[in-house]
Amino acid sequence: MSQKFIPLSVPNFKGKELEYVTHAIETEWVSTGGPYVNEFEEKVCNYVNAKGAVSVQNGTSGLHIALKVCGVTREDEVIVPTLTFIAAVNPVKYLGAEPIFMDCDDSLCVDPYKLMEFCRMECTFINGKLINKRTGKHVKAIIVVHVFGNMSSMDKIMKIAEEFNLKVVEDATEALGTYYTNGIYKGKYAGTIGTVGVYSFNGNKIITTGGGGMIVSNEEELLKRAKHLTTQAKSDELYYIHDEIGYNYRMTNLQAAIGIAQLEQLEDFIKIKEVNYKLYKKFINEIPGLEILNFNENIRSNYWFYALFIKDDFPLKRDQVIKYLSSNNVQVRPIWDLISEQQPYIANQNYKIEKSKTYLAHIINIPCSSNLSTEDVLYVIDCLRNVHNKK
């Protein structure tokens, strides 16, 4: 059995990436201008059936702009998940606003029932504004993260948002390609249901441009403002007139060239990742004390990351499993530490954080690259099976 190093999640460049990048270089369109940027925006927009898309440097800058076009200011608060990567929360602070941390449900996404309870019990709704009883501040928005390519309960969350006049920013940085297969949002892609959606093309995402991200929305005025803000807020490009503070967030033509080639392969990547996920699930769920967590039944997931749940009766605890697999050349990682317990946010309000703590203590992510071979998957499974057999 192979003893080669098996990485957690790495890019897969088997398409026309080199061809398109070479063309960009030969035509000398390498910076934030160039035809590939517009083409990539259009193709992402068409893929997810959104009205428009605006490219950005990364998912974090996309979330920053998404919150800004939703009108979030330093006078406001934003509901955020505690079980997520910190980049989903930091943009709230970029704008001087404050996050309120929410627990997850068994999908690892925001718990809609606790969200509703918080809005009804901890806030008052006055003159179209949700006011936090504790702080007196306006709770203006919620950031919904579609964790690991799963889909949050958008039907419930959108009803809550409508009832309490909340803007919904969908952090779909992990969920490009995930969509509902039934229900009221059947056919709707992650990122296209809320007010604004954001994708990431970081190196470990299902498709990558090295860095890069994309904002999508079905509200044309928000898209227009996002485009304005991400290109230094020029009101007159010839004479360099700027009407507000803008940002240098535009994607480069080189990144977009890679992105187009990657997008052409996205559905194939998803098929590969689904096959490997099911292979893992078939054999790992037979090992006492281990379980591969499910994706929601009413979605077609992109199967970005696989979550291995280590039960209390497994011979090794989370950190011991990480150390053991690492010693066998298998790269794994724990789920993110809770953001509400991180130093910058320790004083912020949180609401009934319970289930997130359980998942933090028991979940690791295992190799899931789209170029992962069947042999690699079986090797990881054998490593885990050997732990149980040696107990």
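Excluding residues fewer than 8 places away in the same chain, name every one of the lysines whose C-alpha is closer than 23 Å to that of Lys137.
Filter leaves Lys68, Lys93, Lys114, Lys129, Lys159, Lys167, Lys352.
Quick one: which of 296-304, 69-77 comes out on top by average Cβ neighbours within 10 Å, and what's the full order, highest first? All intermediate terms of the calculation are to be shown ahead of the outcome.
Values: 296-304: 20.3, 69-77: 18.3.
The peptides rank, most packed first, as 296-304, 69-77.
Using the Cα centre of segment 266-389 as origin and beta-carbon charges of +1 (Lys, Arg) and -1 (Asp, Glu), tell me which of Ser369, Tyr303, Asn348 is placed farthest towards the positive end of the dipole.
Towards the positive end, the residue furthest out is Asn348.
Taking a cut-off of 15 Å between Cα atoms, list the aspartates and glutamates near Lys278, but don't count ones fewer than 8 places away on the same chain.
Glu286, Glu291, Glu297, Glu375, Asp376
Rounded, prolate or oblate: which fits segment 230-281 when a ≥ b ≥ c are the square roots of the eigenvalues of the alpha-carbon gyration tensor, with rounded for a/c under 1.5 and prolate only if a/b beats b/c? Intermediate results must be reported in sequence, preceding the final value.
Numbers: a/c = 6.49, a/b = 3.27, b/c = 1.99.
Here segment 230-281 falls in the prolate category.
Please work out the C-alpha center-to-center distance from segment 140-195 to segment 227-251 and express it in whole Å.
29
Kindly identify segment 266-389 as rounded, prolate or oblate by the Cα gyration tensor criterion: order the square roots of the eigenvalues as a ≥ b ≥ c, call it rounded if a/c is under 1.5, otherwise compare a/b with b/c, prolate if a/b is larger, else oblate. Present the calculation step by step, with values, prior to reporting the outcome.
Numbers: a/c = 1.89, a/b = 1.32, b/c = 1.43.
Oblate, because a/c is 1.5 or more while a/b does not exceed b/c.
Compute the Cα gyration tensor for segment 1-107, then decide on rounded, prolate or oblate, letting a ≥ b ≥ c be the square roots of its eigenvalues: rounded whenever a/c is under 1.5, prolate when a/b is larger than b/c in the other cases, and oblate in all that remain. If you can, show how the numbers build up before the last one.
On the way: a/c = 2.44, a/b = 1.34, b/c = 1.82.
Oblate.
Which residue, Pro288, Asn253, Gln265, has the largest displacement toward the positive end of the dipole of segment 232-317 when charges sit on each Cβ (Lys, Arg +1; Asp, Glu -1)?
Pro288
Rounding to the nearest 20 debye, state how big the charge dipole of segment 266-389 is about its Cα centre with +1 on each Lys and Arg Cβ and -1 on each Asp and Glu Cβ.
Working: 15 positive and 15 negative charges, 31 e Å.
The calculation lands at about 160 debye.
Place a +1 charge on the Cβ of each Lys and Arg in the chain and a -1 charge on the Cβ of each Asp and Glu, then give the dipole magnitude about the Cα centre in debye, rounded to the nearest 20. Please list the in-between numbers first.
On the way: 43 positive and 46 negative charges, 181 e Å.
Roughly 880 debye, rounded to the nearest 20.
Just order 365-371, 235-241, 22-28 by mean Cβ neighbour count inside 10 Å, highest at the front, would you? It would help to have the intermediate numbers written out before the result.
On the way: 365-371: 21.1, 235-241: 8.9, 22-28: 13.1.
Sorting 365-371, 235-241, 22-28 by mean packing, highest first, produces 365-371, 22-28, 235-241.
Order the peptides 46-58, 347-359 from the highest to the lowest mean number of other Cβ atoms within 10 Å of their residues.
On the way: 46-58: 20.9, 347-359: 16.3.
Result, highest mean first: 46-58, 347-359.
Please give the charge dipole size of segment 98-197, origin at the Cα centre, charges +1 on K and R Cβ atoms and -1 on D and E Cβ atoms. Round to the nearest 20 debye. Please report the intermediate quantities before stating the final value.
Values: 12 positive and 13 negative charges, 91 e Å.
Charge dipole of segment 98-197: 440 debye, to the nearest 20.
Laboratory data are not the source of any read-out in this text; all were calculated from the coordinates shown. What you are looking at is a predicted structure, and each value in this text was computed from that prediction instead of being measured. Reconstructed Cβ throughout: ideal geometry from the backbone, glycine too, with neighbour counts over all protein chains shown.
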